[in-house]
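The values are calculated or read from the model by the stated rules, or taken from the named source; none is laboratory data. Because the structure is a prediction, the values reported are computed rather than measured. Glycine gets a Cβ as well: all are built from the backbone with ideal geometry, and neighbour counts include every protein chain shown.
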Amino acid sequence: MNILIISQNSSHSKSLHRQIVGKVNDIYDGIEVLTLSTPAEFNDQYDKSELDIVITDIVMSGKNGLDIISETKLSHPNITIIAISETVGIPGKFHYMPIARMLGADAALEKPINTKHFVDTVSALIELKLGRMVA
């Protein structure tokens, strides 16, 4: 199972990486977690490896998380996507999370991320990828 984290905030990426490796990997064998610090690297990275889950920040410079979700779901609809953002959108106009879900994100989490909720979300999506029942 290959999981890719895309975030320009390196401390955020490291935190998510630690949570997956420290808690989720204890439950499931064979999980590889990759991180990218710029969305521009994304096309190169997912062409090189078979990805199962992409965890992407929404607000990034250049290509943003909404672009990543849209492009990924068009070209690789079986990749599971978790959208993460601390910014809800533009007040009075739109919120990022419903748009992320509409574009195909399988889960949407707002920062600050609760560790248990994040681990439970990743675990549930892994279970779905493995074809197991989720309680």
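Here are a few things to note about the model shown:
- Test: residue 58 is β-branched (Val, Ile, Thr) and either at pLDDT below 90 or over 25 Å from residue 131 (Cα atoms) (or both): yes
- Picking from residues in region 22-44 that are crowded, with 16+ Cβ neighbours inside 10 Å and outside any strand (DSSP E or B), the one that is modelled with the highest pLDDT is 31.
- Cross-chain or 6+ apart pairs with Cβ under 9 Å, region 112-129 first and of a type in the set (Ser, Thr, Tyr) and modelled with pLDDT under 95, then in a helix (DSSP H, G or I) and surrounded by 14 or more Cβ atoms within 10 Å (Cβ to Cβ): 115/15; 115/19; 115/23; 123/23; 123/24
- Boolean, residue 85 is polar (S, T, N, Q), crowded, with 19+ Cβ neighbours inside 10 Å and at pLDDT below 90: yes
- Selection status of residue 108, at pLDDT 90 or above and under 26 Å from residue 23 (Cβ atoms): yes
- Residue pairs whose Cβ atoms lie under 6 Å apart, sitting 6 or more positions apart in sequence or on different chains, and linking a residue in region 63-83 that is within 10 Å of residue 104 (Cβ to Cβ) to a partner that is among the hydroxyl-bearing types (Ser, Thr, Tyr) and assigned to a helix (DSSP H, G or I), are 79/72.
- So residue 103, is it modelled with pLDDT of 90 or more and over 19 Å from residue 35 (Cβ atoms): yes
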